[in-house]
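Heads up, the thing below is written out as structure tokens.
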Amino acid sequence: MSKVQRLRAARPRRLRGVLALDDLEPLARRHLPRPVFGYIRSGSETDFSMTDNRAAFADYGFVTRVLQDVSGRTLRTDILGESYDAPFGIAPMGMSALAAYRGDLELAAAASEANVPMIVSGSSLIRLEEIRAAAPKAWFQAYLPGDAGKIEALVDRVARAGFEVLVLTVDTPTRANRESNIRTGFTTPLKPGLRLAWDGICRPRWTVGTLARTLLLHGMPHFENSFAHRGAPIIARNVERDFSKRDHLNWTHFDAIRAQWKGRLLLKGVSSVEDAVSARARGADGVILSNHGGRQLDGTISPLRVLERSRDAVGDWPLMMDGGIRRGTDVMKALALGADFVFVGRPFLYAASLAGRAGVAYAIRILADEVERNMGLIGIRKPAEMNRDLLVRVC
Ligand SMILES: Cc1cc2nc3c(=O)[nH]c(=O)nc-3n(C[C@H](O)[C@H](O)[C@H](O)COP(=O)(O)O)c2cc1C
């Protein structure tokens, strides 16, 4: 029995009634100020990709195998030379410490305790060195400008901090059009004003427990990990975040990073089979198929829909995905179509905002329990046994 299963993470009182990951969103909507909740929940433009990320799973149904002796099931999954206690991890999410007190640390610590990977976002608000010290198995995700000097300095900083897996997110050459952020008044940095103050008054628990506590104990949060040096503050009237030169980033920069970075190197935000093949040919250690949770180019294909073809094209090589995974059955479908591993975003951040580390631990347990139960019902004993024969396209 795996550590995740043994770790019967207690259900925090605030998560009473939460039986599935989808139960977290309505609670978080009531807990978080409108702009912060909207920032997490939103997709871009029409939300087509975000919606399709969920819809894609309904296109497939299981074929179960009976009389298989499914006792002794284990969730243990090996990826990138490490052994984890579940076939899923926590996707990188920027500004987690705005939604949850010390959010990145809470997510990283809960993941570490459950022995699943958590990817630290390049837009996080806590210094990467501090997160790495608290969670030595965390991975780091970078947003890079197409500027060789800045890239080299950041990659050097990440290596010195001791990270072993570097994830380059490559689906952000320009800023996305998230109209819902404009409607709810969300900007980065946040602009102080009457509207923000009113949002805070309406959500006193978040205002006191997350915002005021952070400001009092740690000062104004900054984007700590976008570059080798400190970035912009999170609340500022006149400061602009530096997104410059992200549109210059190209495969030549990737080759230079590959030469510099001695650890495992992944690309995240890949949606074409051709790019997955190029990544492999140029020495990446794997890709995370992703449309950024439907938050970048609206209309980008759901990662689930390119999994099978990507697997056929790259052969036996680490292929991961994220987007819309909310159930153990979603994990099983992704594994059947060729994923070695999957990541989940929003629900874990909602859990952190509502109940900190204990909330994240409980959310991990919900998903792990579902996967474990599903393996038994499908007729397999470990995640790696999922295969295409156990899934059919139903529409
Ligand atoms: C609030 C939020 C912030 C995010 N920030 C980042 C980020 O900093 N870097 C990144 O590569 N992806 C980021 N993403 C995308 C996630 O890593 C992931 O691809 C996506 O959330 C998966 O979809 P899901 O939320 O439906 O599980 C963010 C997603 C959300 C919801």
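The values are calculated or read from the model by the stated rules, or taken from the named source; none is laboratory data. Quick caveat: nothing in here was measured; it's all calculated off a predicted structure. Note that we place each Cβ from the backbone using ideal geometry, even for glycine, and neighbour counts take in every protein chain shown. Each accessible area value is taken on the protein alone, full model and side chains, heavy atoms only, with ligands, DNA and RNA left out. Shrake-Rupley method; radii C 1.70, N 1.55, O 1.52, S 1.80 Å.
For the chain, which DSSP H helices look membrane-span-like by this rule: Cα extent along the axis of 24 Å or more and mean Kyte-Doolittle of at least -0.5?
TM-like helix candidates: 346-378.
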How big is the Kirkwood radius of the chain, worked out from every pair of different alpha carbons and given in Å to one decimal? 21.2 Å
Accessible-area order for Glu240, Glu106, largest to smallest, probe 1.4 angstrom, reads Glu240, Glu106
Leu80 accessible area, nearest 10 Å², 1.4 Å probe? 20 Å²
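Just for the chain, what percent of DSSP beta bridges are antiparallel, to the closest 5? If you can, show how the numbers build up before the last one.
On the way: 7 of 32 bridges.
In the chain, approximately 20 percent of DSSP beta bridges are antiparallel ones.
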Express in whole angstrom the spacing between the alpha-carbon centres of the stretch 265-302 and the stretch 110-160. 19 Å
Rank these residues by their accessible area, most exposed first, probe 1.4 Å: Trp206, Trp198, Trp251. Trp198, Trp251, Trp206
HN-Hα couplings for the stretch 177-183 via Karplus (6.51, -1.76, 1.60; θ = phi - 60°), in whole Hz with x for Gly/Pro, come out as 9, 9, 4, 5, 5, 5, 5
How much length is gained if the chain between Thr187 and Cys395 is pulled fully straight, taking 0.36 nm per residue apart and subtracting their Cα-Cα distance, in nm to one decimal? 70.9 nm
Would you list which lysines come within 30 Å of Lys382, measuring only between C-alpha atoms, while excluding same-chain residues fewer than 8 positions from it? Lys3, Lys137, Lys268, Lys333
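Around Ala256, what is the net charge, scoring Lys/Arg as +1 and Asp/Glu as -1 over all other residues with Cβ under 15 Å from its Cβ?
+1
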Quick check: at a probe of 1.4 Å, how many percent of the accessible area of the chain sits on carbon and sulfur atoms? 53 percent
Amide H to amide H under 5 Å from Lys268: which residues, 5+ apart in sequence or cross-chain, H placed 1.01 Å off N in plane? Leu168, Thr169, Val170, Ile288
Net charge within 12 Å of Glu240 by Cβ-Cβ distance, Lys/Arg positive one each and Asp/Glu negative one each, not counting Glu240 itself? +3
Relative contact order of the chain: what whole-number percent is it, with Cα pairs under 8 angstrom and at least 6 residues apart? 30 percent
Provide the gained length on full extension for the span Arg237 to Asn177, in nm with one decimal, where the gain is 0.36 nm per separating residue minus the Cα-Cα distance. 19.5 nm
